Amino acid sequence: MPATIHPRERPGIINPIFTCQPAGAQFASIGIKDCIGIVHGGQGCVMFVRLIFSQHFKESFELASSSLHEDGAVFGALDRVEEAVDVLLMRYPKVRVVPIISTCSTEVIGDDIDGVVRKLNEELLPRKYPGREVHLVAVHAPSFVGSMVSGYNVAVRDLVQHFAGRTEPNGRLNLLTGWVNPGDVTELKHLLAEMEVDATVLFETEEFDSPLMPDKSGVSHGETTVEDLRSLGDAVGTVALNRYETTLAAEYLEQEFGIPTVSGVTPIGIRNTDTFLQRVKNLTGKEIPRSLVIERGRALDAITDVAHMFLADKRVALYGNPDLVIGLAEFCLDMEMKPVLLLLGDDNPNYDDDPRIRAMLEHVDEMEIVTNADLWELERRITQENLELDLIMGHSKGRFVAIDSQIPMLRVGFPVYDRAGYFRHPVMGYAGATWLAESIANTLFADMEYKGMKEWVLNVW
Ligand code: SF4
């Protein structure tokens, strides 16, 4: 089969890969310190999203709901938003940021969340909370367009638009990570620290890997502050890592403040991490130190140990967030693997023109990329079209496809809830390249032993 990209051809979604836009907006909001988002919709729009965050990180996060009921769904429910903001501010004296996130139902009925933000700013806040710094940010996240990926992109832009200002140059770099794990944030900060680059990270989510402390505090949140957000306009440059998750905010910063921006590199694998560091060097003038050359060499050595002998020609299916899937596919190709099926779970029209996708399609003989895909696309190809696969890479929602078809699976992306501690490991940077190569190899090794397939090779390796 030639390399192609095309949308899902059948109507209806069976086992979706993504959830809806408000989930992405909620993920952005939990990255900010002293912030609790209010989702203007039914309680389930928060309850299930919050559950999935907790399943993935094994932590608890705070999110609120306007808890729309039948009457509100027909006649409008802005009064519930007003009440929700008031209750939230009373209950949480430290809260400074309240994103108000719309949903499918409240967009359909036309509730004016921008208007209610203006009203609350003019009436409730000065009357009941005089002198208290409170930022209400309207985030439009109707779920009948886009996905959790575009919802994150929109929310980051809206938060950046609300806060970013310019005072005086601070010499820092804006690093917009996209929807990544705490392990990725740690690795990215490590790479920048080695280059002696001071960065404002959106979002500082390392604390999602929260310690158990003597005070028994049981809630996790990000550490990006209002002050961090305000300083974005003073930076020397912006690096926006995941094209589909950060581009809107990066474009805003470039247009509003003239900040040089590089957008769209996802530093998964050696090649993409090299590009990332080179771009940081170009923006900041800082050299790539020998310590990172050594780390790169160590990662290359780890990959060389397994690539040609165990990974070459292994056929892989991938699904999940588009930048993750594309970065993983590029890395698989670099390791001589064959990423034959890529499933992207929404219908973003820009996929067709993505230079990374175009480059892969031009250079491989067999690759099918399905947009607006679901997990049935994967299951159907395995069960009805005899698609041969050696490995599946994706989040835990596809686990039953892997289990039923007895194809080994490496969990990556969001959500991963059926393996312990995966959020702690990076897939980005040289450390991520090492972890990925070795985890792929170990997944295949376990399968070789389980199925008794050439497992003796492991004795003599
Ligand atoms: S699809 Fe609509 S109702 Fe369902 S969780 Fe998303 S926003 Fe809420």
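Here are a few things to note about the model shown:
- Among residues of the stretch 347-358 that are aliphatic (A, V, I, L, M), those with a beta-carbon under 7 Å from a residue that is assigned to a helix (DSSP H, G or I) at least six positions away or on a different chain give the pairs 357/326; 357/351.
- Matching residues, the stretch 142-175, being touching an Asp or Glu at 6+ places or on another chain (Cβ under 8 Å), hydrophobic (A, V, I, L, M, F, W, C) and not in a helix (DSSP H, G or I): 144, 164, 173
- Test for residue 51: is it on the phi < 0 side of the Ramachandran plot, within 13 Å of the ligand (Cβ to nearest atom), under 21 Å from the mean Cα position of the chain (by Cα) and free of Cβ contacts under 8 Å to residues at least 12 places away in the same chain: yes
- Residue 173 being away from the ligand (no atom under 16 Å from the Cβ), touching a strand residue (DSSP E or B) at 6+ places or on another chain (Cβ under 7 Å) and closer than 30 Å to residue 430 by Cα: yes
- Enumerated helices (runs of 4 or more DSSP H) restricted to the stretch 39-101, each holding at least 1 residues that are modelled with pLDDT of 95 or more, assigned by TED's automatic domain parsing to the domain that holds residue 157 and of a type in the set (A, V, I, L, M): 44-57, 78-91
- Condition met for residue 254 (at pLDDT below 95 and not aromatic (Phe, Trp, Tyr)): no
- One residue from 28, 73, 64 being more than 30 Å from residue 381 (Cβ to Cβ) and within 12 Å of the ligand (Cβ to nearest atom): 73
- Restricting the stretch 62-118 to residues that are of a type in the set (Val, Ile, Thr) and more than 14 Å from residue 38 (Cα to Cα) leaves a set whose member that is surrounded by the fewest Cβ atoms within 10 Å (Cβ to Cβ) is 74.
- In the stretch 93-128, residue nearest to the ligand (Cβ to nearest atom) [restricted to those that are closer than 18 Å to residue 26 by Cα and not hydrophobic (A, V, I, L, M, F, W, C)]: 103
- Cβ-Cβ under 8 Å pairs, at least 6 apart or on other chains, the stretch 269-289 side more than 21 Å from residue 243 (Cα to Cα), far side charged (D, E, K, R) and surrounded by 16 or more Cβ atoms within 10 Å (Cβ to Cβ): 289/194
- Where a residue in the stretch 20-38 is on the phi > 0 side of the Ramachandran plot and its partner, wherever it lies, is assigned to a loop (DSSP other than H, G, I, E, B) and away from the ligand (no atom under 13 Å from the Cβ), with Cβ under 7 Å and at least six apart: 34/94; 34/95; 34/96
- Selection count where residues are aromatic (Phe, Trp, Tyr) and within 10 Å of the ligand (Cβ to nearest atom), scope the stretch 133-154: 1
- Residue 56 passes every criterion in (1) within 12 Å of the ligand (Cβ to nearest atom); (2) of a type outside the set (A, V, I, L, M, F, W, C); (3) touching a residue at least 60 places away in the same chain (Cβ under 8 Å) apart from (1).
- Verdict on residue 37 being within 12 Å of the ligand (Cβ to nearest atom) and closer than 20 Å to residue 117 by Cα: no
- Residue list for the stretch 278-310, filter: among the charged types (D, E, K, R) and closer than 29 Å to residue 445 by Cβ: 295, 296, 298, 301, 305
The values are calculated or read from the model by the stated rules, or taken from the named source; none is laboratory data. These numbers come from a predicted model, not from an experiment. Don't worry about glycine lacking a Cβ; one is built from the backbone with ideal geometry, like all the others, and counts go over all protein chains shown.
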